[in-house]
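**Q** Sharing a structure here in structure tokens format.
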Amino acid sequence: MGSDDVRRNARMEYMFDICTLLCLACWLRLTMSLKVSLFNYLIDAYLFVAASALASNTVIRSLFGAGFPVSKDNVVSSTSADHLSLVVCHTNVR
């Protein structure tokens, strides 16, 4: 392999890292936008019981978060390490 091939491979790895980080940033932005819009909807729709609506939303999200470790073995055996890290990252950013 020549030095041009080494430089090209290094550039490709660098670009892959940058694209991965940009996609992750977009995904987190979308997730947070959906969460904020859901909270606004709950507050507007259930104005007089907004605190209870937000509390029930928190309980339901916590139940889903508690259910993830139960299915961990099935997820680990059926996905690769790259995909699993994205799933864990997405469920932990709440």
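The values are calculated or read from the model by the stated rules, or taken from the named source; none is laboratory data. These figures come from a predicted structure and were not determined experimentally. Glycine also receives a Cβ, built like all others from the backbone with ideal geometry; neighbour counts cover every protein chain displayed.
**Q** Quick check: is even one residue across segment 6-26 surrounded by 10 or more Cβ atoms within 10 Å (Cβ to Cβ), modelled with pLDDT of 85 or more and touching a Cys at 6+ places or on another chain (Cβ under 9 Å)?
**A** Yes; the residues of segment 6-26 include at least one that is surrounded by 10 or more Cβ atoms within 10 Å (Cβ to Cβ), modelled with pLDDT of 85 or more and touching a Cys at 6+ places or on another chain (Cβ under 9 Å).
**Q** Give the residue that is surrounded by the most Cβ atoms within 10 Å (Cβ to Cβ), with candidates limited to residues of segment 34-88 that are modelled with pLDDT under 70 and not in a helix (DSSP H, G or I).
**A** If we take residues in segment 34-88 being modelled with pLDDT under 70 and not in a helix (DSSP H, G or I), then THR79 is surrounded by the most Cβ atoms within 10 Å (Cβ to Cβ).
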